[in-house]
Amino acid sequence: MSQSASQKLGKASVRLEKEVYIYSSASVVGKKEGEGPLGLLFDVVGEDDLFGCDTWEEAESSLQKNAVNLALEKAGLKPEDITFAFAGDLLGQSIATSFGIASFGIPLLGVYGACSTCGESLALGAMSVAGGYADRVVCVTSSHFASAEKEFRFPLEYGNQRPLSATWTVTGSGAFVLSGENTDKKARARISGVTVGKIVDYGLKDSMNMGACMAPAAASTLEQHFIDYESQPKDYDKIITGDLGVVGQTVLIDLLREKGYDISAVHMDCGIEIFDAGAQDTHAGGSGCGCSAVTLSAYILKQLQEGNWKKVLFLPTGALLSKTSFNEGQSVPGIAHALVLEKID
(Lines give C-alpha, C1' and ligand atoms only; values in the text may rest on other atoms or scores of the structure.)
Protein backbone atom coordinates (compact mmCIF):
# COMPACT_ATOMS: atom_id res chain seq x y z
CA MET A 1 0.00 0.00 0.00
CA SER A 2 1.34 3.45 -0.87
CA GLN A 3 2.10 6.00 1.83
CA SER A 4 -0.70 8.31 0.71
CA ALA A 5 -3.22 5.47 0.80
CA SER A 6 -2.08 4.26 4.21
CA GLN A 7 -2.56 7.72 5.71
CA LYS A 8 -6.30 7.81 4.97
CA LEU A 9 -8.30 6.80 8.01
CA GLY A 10 -12.00 5.98 8.00
CA LYS A 11 -14.44 8.20 6.15
CA ALA A 12 -13.05 11.69 6.67
CA SER A 13 -9.73 11.49 8.51
CA VAL A 14 -6.00 11.39 7.78
CA ARG A 15 -3.32 10.02 10.06
CA LEU A 16 -0.07 11.73 9.10
CA GLU A 17 2.67 9.12 8.83
CA LYS A 18 5.35 11.75 8.23
CA GLU A 19 6.17 14.13 11.05
CA VAL A 20 4.66 17.59 10.61
CA TYR A 21 5.71 20.20 13.13
CA ILE A 22 4.29 23.58 14.08
CA TYR A 23 7.77 25.04 13.94
CA SER A 24 6.91 28.57 15.03
CA SER A 25 3.88 30.76 15.50
CA ALA A 26 2.88 34.33 16.25
CA SER A 27 -0.17 36.16 17.58
CA VAL A 28 -1.09 39.81 17.05
CA VAL A 29 -4.25 41.15 18.70
CA GLY A 30 -6.23 44.28 19.43
CA LYS A 31 -6.58 46.28 22.62
CA LYS A 32 -9.69 44.49 23.94
CA GLU A 33 -8.07 41.05 23.47
CA GLY A 34 -4.98 42.28 25.26
CA GLU A 35 -7.14 43.21 28.25
CA GLY A 36 -8.55 39.68 28.49
CA PRO A 37 -7.29 36.66 30.47
CA LEU A 38 -4.71 35.70 27.80
CA GLY A 39 -3.41 39.23 27.31
CA LEU A 40 0.11 38.63 28.62
CA LEU A 41 0.61 35.64 26.32
CA PHE A 42 0.10 37.39 22.97
CA ASP A 43 3.17 38.47 21.04
CA VAL A 44 1.84 41.90 20.06
CA VAL A 45 -1.08 43.87 21.50
CA GLY A 46 -2.14 46.98 19.59
CA GLU A 47 -2.86 50.20 21.43
CA ASP A 48 -5.19 51.34 18.64
CA ASP A 49 -7.36 48.90 16.68
CA LEU A 50 -6.64 50.84 13.49
CA PHE A 51 -2.97 49.83 13.90
CA GLY A 52 -1.90 53.10 12.30
CA CYS A 53 -4.05 52.54 9.21
CA ASP A 54 -6.85 54.59 7.66
CA THR A 55 -9.52 51.86 7.48
CA TRP A 56 -10.56 48.78 9.43
CA GLU A 57 -9.82 46.58 6.42
CA GLU A 58 -6.28 47.94 6.08
CA ALA A 59 -5.84 47.37 9.79
CA GLU A 60 -6.78 43.71 9.40
CA SER A 61 -4.29 43.34 6.54
CA SER A 62 -1.59 44.79 8.77
CA LEU A 63 -2.46 42.16 11.41
CA GLN A 64 -1.69 39.36 8.95
CA LYS A 65 1.50 40.98 7.69
CA ASN A 66 2.80 41.50 11.23
CA ALA A 67 1.89 37.95 12.29
CA VAL A 68 3.64 36.34 9.30
CA ASN A 69 6.70 38.55 9.75
CA LEU A 70 6.97 37.58 13.40
CA ALA A 71 6.41 33.84 12.78
CA LEU A 72 9.15 33.84 10.12
CA GLU A 73 11.47 35.82 12.38
CA LYS A 74 10.99 33.34 15.23
CA ALA A 75 11.77 30.48 12.86
CA GLY A 76 14.85 32.21 11.48
CA LEU A 77 13.39 31.97 7.98
CA LYS A 78 12.82 34.27 5.02
CA PRO A 79 9.78 34.30 2.71
CA GLU A 80 11.79 32.50 0.03
CA ASP A 81 12.23 29.56 2.44
CA ILE A 82 8.46 28.93 2.36
CA THR A 83 6.92 26.75 -0.35
CA PHE A 84 3.26 27.77 0.00
CA ALA A 85 1.04 30.04 2.06
CA PHE A 86 -2.44 28.87 3.09
CA ALA A 87 -4.39 31.93 4.20
CA GLY A 88 -7.82 33.48 4.45
CA ASP A 89 -10.09 35.83 6.36
CA LEU A 90 -13.74 36.83 6.69
CA LEU A 91 -13.89 39.69 4.22
CA GLY A 92 -15.27 39.55 0.66
CA GLN A 93 -12.70 38.16 -1.81
CA SER A 94 -10.36 37.63 1.20
CA ILE A 95 -9.03 41.17 0.88
CA ALA A 96 -7.36 41.17 4.30
CA THR A 97 -5.16 38.35 3.03
CA SER A 98 -4.50 39.61 -0.49
CA PHE A 99 -3.48 43.08 0.66
CA GLY A 100 -1.81 41.78 3.81
CA ILE A 101 0.68 39.17 2.61
CA ALA A 102 1.15 39.91 -1.11
CA SER A 103 4.49 41.61 -0.43
CA PHE A 104 6.02 38.35 0.83
CA GLY A 105 5.85 36.85 -2.66
CA ILE A 106 4.95 33.39 -1.33
CA PRO A 107 2.80 31.23 -3.65
CA LEU A 108 -0.67 31.52 -2.14
CA LEU A 109 -3.53 29.08 -1.80
CA GLY A 110 -6.39 31.18 -0.46
CA VAL A 111 -8.92 29.39 1.73
CA TYR A 112 -12.28 30.27 3.22
CA GLY A 113 -13.99 28.38 6.01
CA ALA A 114 -15.40 31.37 7.91
CA CYS A 115 -14.23 31.08 11.53
CA SER A 116 -12.90 27.56 10.84
CA THR A 117 -10.27 28.95 8.45
CA CYS A 118 -7.42 28.41 10.93
CA GLY A 119 -8.27 24.70 11.07
CA GLU A 120 -8.69 24.44 7.31
CA SER A 121 -5.41 26.18 6.52
CA LEU A 122 -3.48 24.07 9.04
CA ALA A 123 -5.07 20.87 7.73
CA LEU A 124 -4.18 21.66 4.12
CA GLY A 125 -0.71 22.82 5.09
CA ALA A 126 -0.02 19.73 7.18
CA MET A 127 -1.19 17.38 4.42
CA SER A 128 1.00 19.21 1.89
CA VAL A 129 4.08 18.81 4.06
CA ALA A 130 3.29 15.19 4.97
CA GLY A 131 2.67 14.36 1.31
CA GLY A 132 6.05 15.74 0.26
CA TYR A 133 4.60 18.62 -1.75
CA ALA A 134 6.16 21.30 0.44
CA ASP A 135 9.14 21.58 2.78
CA ARG A 136 7.68 24.42 4.79
CA VAL A 137 4.39 26.31 4.63
CA VAL A 138 2.89 29.33 6.35
CA CYS A 139 -0.72 29.21 7.56
CA VAL A 140 -2.30 32.51 8.58
CA THR A 141 -5.75 33.92 9.17
CA SER A 142 -7.28 36.99 10.74
CA SER A 143 -10.42 38.79 11.79
CA HIS A 144 -11.24 42.28 13.01
CA PHE A 145 -14.29 43.28 15.01
CA ALA A 146 -15.04 46.43 13.04
CA SER A 147 -14.43 45.02 9.55
CA ALA A 148 -16.50 41.91 10.33
CA GLU A 149 -19.43 43.94 11.67
CA LYS A 150 -19.45 45.95 8.44
CA GLU A 151 -19.15 42.80 6.31
CA PHE A 152 -21.82 40.71 8.02
CA ARG A 153 -24.06 43.00 10.04
CA PHE A 154 -24.00 46.80 10.35
CA PRO A 155 -21.27 49.46 10.43
CA LEU A 156 -20.33 50.48 13.97
CA GLU A 157 -21.80 53.95 13.41
CA TYR A 158 -25.30 52.40 13.45
CA GLY A 159 -24.90 51.61 17.13
CA ASN A 160 -27.17 48.57 16.85
CA GLN A 161 -27.78 46.52 19.98
CA ARG A 162 -26.50 42.96 20.25
CA PRO A 163 -28.46 40.15 21.96
CA LEU A 164 -26.86 38.14 24.74
CA SER A 165 -26.45 35.17 22.38
CA ALA A 166 -24.12 37.18 20.12
CA THR A 167 -20.37 36.70 20.17
CA TRP A 168 -17.69 39.37 19.78
CA THR A 169 -15.46 39.07 16.72
CA VAL A 170 -11.85 38.89 17.85
CA THR A 171 -9.43 41.43 16.44
CA GLY A 172 -6.35 39.35 15.82
CA SER A 173 -4.20 37.28 13.51
CA GLY A 174 -2.36 34.02 14.11
CA ALA A 175 0.41 32.75 11.82
CA PHE A 176 2.08 29.34 11.85
CA VAL A 177 5.13 27.92 10.11
CA LEU A 178 4.75 24.18 9.45
CA SER A 179 7.82 22.08 8.67
CA GLY A 180 8.67 18.44 8.09
CA GLU A 181 11.90 18.84 10.05
CA ASN A 182 12.75 19.77 13.62
CA THR A 183 16.52 19.49 13.52
CA ASP A 184 17.19 22.18 16.14
CA LYS A 185 14.34 21.02 18.41
CA LYS A 186 12.61 24.41 18.34
CA ALA A 187 9.19 23.23 17.17
CA ARG A 188 6.19 23.91 19.40
CA ALA A 189 4.01 20.84 18.69
CA ARG A 190 3.33 18.07 16.20
CA ILE A 191 0.27 17.69 13.97
CA SER A 192 -0.45 13.96 13.81
CA GLY A 193 -3.90 13.84 12.24
CA VAL A 194 -6.78 15.65 10.60
CA THR A 195 -10.52 15.11 10.36
CA VAL A 196 -12.17 17.15 7.61
CA GLY A 197 -15.65 18.39 8.40
CA LYS A 198 -18.72 18.55 6.19
CA ILE A 199 -21.34 21.27 5.85
CA VAL A 200 -24.09 20.79 8.45
CA ASP A 201 -27.30 22.82 8.34
CA TYR A 202 -29.97 22.52 11.03
CA GLY A 203 -32.03 25.29 9.43
CA LEU A 204 -31.22 27.93 12.06
CA LYS A 205 -31.47 31.50 10.78
CA ASP A 206 -30.32 33.63 13.72
CA SER A 207 -27.04 35.23 12.68
CA MET A 208 -26.78 36.72 16.17
CA ASN A 209 -26.55 33.23 17.66
CA MET A 210 -23.75 31.71 15.62
CA GLY A 211 -22.66 29.44 18.46
CA ALA A 212 -25.90 27.48 18.14
CA CYS A 213 -25.62 27.51 14.33
CA MET A 214 -22.07 26.09 14.37
CA ALA A 215 -22.45 23.55 17.19
CA PRO A 216 -24.10 20.86 15.01
CA ALA A 217 -21.13 20.95 12.62
CA ALA A 218 -18.72 20.60 15.54
CA ALA A 219 -20.72 17.63 16.85
CA SER A 220 -20.71 16.02 13.39
CA THR A 221 -16.94 16.35 12.97
CA LEU A 222 -16.23 15.12 16.49
CA GLU A 223 -18.46 12.08 16.07
CA GLN A 224 -16.77 11.24 12.76
CA HIS A 225 -13.34 11.70 14.35
CA PHE A 226 -14.16 9.34 17.21
CA ILE A 227 -15.41 6.76 14.70
CA ASP A 228 -12.46 7.10 12.31
CA TYR A 229 -9.85 7.02 15.08
CA GLU A 230 -11.74 4.52 17.22
CA SER A 231 -11.19 6.95 20.08
CA GLN A 232 -13.11 8.45 22.99
CA PRO A 233 -13.11 11.91 24.62
CA LYS A 234 -10.93 10.57 27.45
CA ASP A 235 -8.11 9.96 24.96
CA TYR A 236 -7.47 13.72 24.83
CA ASP A 237 -6.33 16.12 27.51
CA LYS A 238 -8.53 18.77 25.92
CA ILE A 239 -11.04 18.98 23.09
CA ILE A 240 -10.92 22.61 22.03
CA THR A 241 -13.51 24.28 19.80
CA GLY A 242 -12.81 27.60 18.14
CA ASP A 243 -15.62 30.01 18.86
CA LEU A 244 -18.88 28.46 19.96
CA GLY A 245 -19.12 30.63 23.06
CA VAL A 246 -21.23 29.73 26.08
CA VAL A 247 -24.41 29.08 24.06
CA GLY A 248 -22.73 26.89 21.45
CA GLN A 249 -20.79 24.98 24.10
CA THR A 250 -24.02 23.90 25.80
CA VAL A 251 -25.56 22.85 22.48
CA LEU A 252 -22.44 20.89 21.46
CA ILE A 253 -22.25 18.96 24.74
CA ASP A 254 -25.95 18.10 24.56
CA LEU A 255 -25.74 16.96 20.91
CA LEU A 256 -22.77 14.70 21.60
CA ARG A 257 -24.39 13.17 24.67
CA GLU A 258 -27.26 12.13 22.40
CA LYS A 259 -24.66 10.37 20.22
CA GLY A 260 -23.10 8.60 23.21
CA TYR A 261 -20.08 10.85 23.80
CA ASP A 262 -19.58 13.00 26.91
CA ILE A 263 -16.95 15.70 26.33
CA SER A 264 -17.97 17.91 29.26
CA ALA A 265 -14.90 17.02 31.35
CA VAL A 266 -12.36 17.90 28.65
CA HIS A 267 -14.07 20.54 26.52
CA MET A 268 -12.67 24.05 26.17
CA ASP A 269 -13.69 26.84 23.81
CA CYS A 270 -11.34 29.55 22.57
CA GLY A 271 -14.20 32.04 22.44
CA ILE A 272 -14.82 31.54 26.15
CA GLU A 273 -11.15 31.63 27.16
CA ILE A 274 -10.12 34.79 25.30
CA PHE A 275 -12.44 37.24 27.08
CA ASP A 276 -13.44 37.81 30.72
CA ALA A 277 -17.20 37.28 30.77
CA GLY A 278 -17.58 39.32 33.94
CA ALA A 279 -15.38 42.29 33.15
CA GLN A 280 -15.65 42.54 29.35
CA ASP A 281 -18.91 43.15 27.51
CA THR A 282 -18.65 40.33 24.96
CA HIS A 283 -21.94 38.56 25.76
CA ALA A 284 -21.58 34.89 24.68
CA GLY A 285 -17.81 35.08 24.10
CA GLY A 286 -15.44 35.52 21.19
CA SER A 287 -15.56 34.44 17.55
CA GLY A 288 -13.91 35.19 14.20
CA CYS A 289 -11.03 33.63 12.29
CA GLY A 290 -8.55 35.23 14.65
CA CYS A 291 -10.15 33.79 17.80
CA SER A 292 -8.95 30.21 17.52
CA ALA A 293 -5.74 31.24 15.71
CA VAL A 294 -4.38 33.56 18.40
CA THR A 295 -5.54 31.28 21.23
CA LEU A 296 -3.75 28.35 19.59
CA SER A 297 -0.53 30.29 19.16
CA ALA A 298 -0.46 32.03 22.53
CA TYR A 299 -2.06 29.51 24.90
CA ILE A 300 -2.68 26.02 23.51
CA LEU A 301 0.80 25.50 22.04
CA LYS A 302 2.31 26.82 25.27
CA GLN A 303 0.49 24.13 27.26
CA LEU A 304 1.76 21.43 24.89
CA GLN A 305 5.33 22.74 24.94
CA GLU A 306 5.40 22.83 28.72
CA GLY A 307 3.98 19.31 28.95
CA ASN A 308 0.80 20.33 30.77
CA TRP A 309 -1.11 18.66 27.93
CA LYS A 310 0.19 15.82 25.80
CA LYS A 311 -2.55 15.47 23.20
CA VAL A 312 -5.41 17.78 22.25
CA LEU A 313 -8.06 17.89 19.56
CA PHE A 314 -8.28 21.39 18.05
CA LEU A 315 -11.57 22.13 16.29
CA PRO A 316 -12.20 25.62 14.84
CA THR A 317 -15.82 26.14 13.73
CA GLY A 318 -17.28 28.33 10.99
CA ALA A 319 -20.69 29.80 10.12
CA LEU A 320 -21.08 29.82 6.33
CA LEU A 321 -23.29 32.85 5.85
CA SER A 322 -23.08 36.19 4.12
CA LYS A 323 -25.07 39.39 4.41
CA THR A 324 -26.72 38.48 1.10
CA SER A 325 -27.74 34.97 2.17
CA PHE A 326 -29.09 36.31 5.47
CA ASN A 327 -31.12 39.06 3.77
CA GLU A 328 -32.56 36.48 1.37
CA GLY A 329 -33.82 34.41 4.30
CA GLN A 330 -31.33 31.57 4.03
CA SER A 331 -30.24 29.50 7.03
CA VAL A 332 -26.76 29.54 8.57
CA PRO A 333 -24.85 26.32 7.75
CA GLY A 334 -21.77 25.41 9.74
CA ILE A 335 -18.51 23.56 9.25
CA ALA A 336 -15.69 22.41 11.53
CA HIS A 337 -12.28 20.83 10.92
CA ALA A 338 -10.30 18.93 13.57
CA LEU A 339 -6.56 18.56 14.08
CA VAL A 340 -4.78 16.22 16.48
CA LEU A 341 -1.98 18.17 18.16
CA GLU A 342 0.64 16.40 20.26
CA LYS A 343 3.50 17.29 22.54
CA ILE A 344 6.89 16.61 20.99
CA ASP A 345 8.73 13.94 22.97
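Numbers below:
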read-out: Condition check for residue 72: under 12 Å from residue 176 (Cα atoms) and assigned to a helix (DSSP H, G or I); value: yes
read-out: Selected residue [closer than 24 Å to residue 280 by Cα and of a type in the set (Gly, Ala, Ser)] from 110, 92, 88, 36; value: 36
read-out: Matching entry among 71, 75, 67, 114 (being of a type outside the set (D, E, K, R), touching a Leu at 6+ places or on another chain (Cβ under 7 Å), within 19 Å of residue 297 (Cα to Cα) and in contact (Cβ under 8 Å) with a residue 24 or more places away in the chain); value: 114
read-out: The listed residue being free of Cβ contacts under 8 Å to residues at least 40 places away in the same chain and not assigned by TED's automatic domain parsing to the domain that holds residue 140, out of 206, 184; value: 184
read-out: Pick from the range 61-103, criterion small (Gly, Ala, Ser) and out of contact with any strand residue (DSSP E or B) (no Cβ under 9 Å at 6 or more places or on another chain), ranking: nearest to residue 51 (Cα to Cα); value: 103
read-out: Verdict on residue 94 being touching a residue at least 60 places away in the same chain (Cβ under 8 Å) and either assigned by TED's automatic domain parsing to the domain that holds residue 337 or in contact with a Gly (Cβ under 6 Å, 6 or more places away or on another chain) (or both); value: no
read-out: Filtered residues of the range 86-117 (kept if assigned to a loop (DSSP other than H, G, I, E, B), at pLDDT below 95 and either touching an Asp or Glu at 6+ places or on another chain (Cβ under 8 Å) or of a type in the set (Phe, Trp, Tyr) (or both)); value: 89, 90, 91, 112
read-out: Matching helices (runs of 4 or more DSSP H) fully within the range 192-273 where at least 2 residues are surrounded by fewer than 16 Cβ atoms within 10 Å (Cβ to Cβ) and over 21 Å from the mean Cα position of the chain (by Cα); value: 245-258
read-out: Qualifying positions in the range 15-47 - surrounded by 24 or more Cβ atoms within 10 Å (Cβ to Cβ) and of a type in the set (D, E, K, R); value: 33
read-out: Condition check for residue 126: in contact (Cβ under 8 Å) with a residue 12 or more places away in the chain and either over 27 Å from residue 56 (Cβ atoms) or assigned to a helix (DSSP H, G or I) (or both); value: yes
read-out: Only one of 59, 67, 71 that is within 17 Å of residue 294 (Cα to Cα), buried (at least 21 other Cβ atoms within 10 Å of the Cβ), touching an Asp or Glu at 6+ places or on another chain (Cβ under 7 Å) and not charged (D, E, K, R); value: 59
read-out: Of residues in the range 283-322 being assigned to a strand (DSSP E or B) and polar (S, T, N, Q), the one nearest to the chain's Cα centre (by Cα); value: 317
read-out: Residue 262 vs. criteria acidic (Asp, Glu), without any contact (Cβ under 8 Å) to a residue 40 or more places away in the chain and farther than 25 Å from residue 149 by Cα; value: yes
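The values are calculated or read from the model by the stated rules, or taken from the named source; none is laboratory data. This one's a predicted model, so the numbers in the text were calculated from it and none came from an experiment. So basically every Cβ, Gly included, is an ideal-geometry build from the backbone, and we count neighbours across all protein chains shown.
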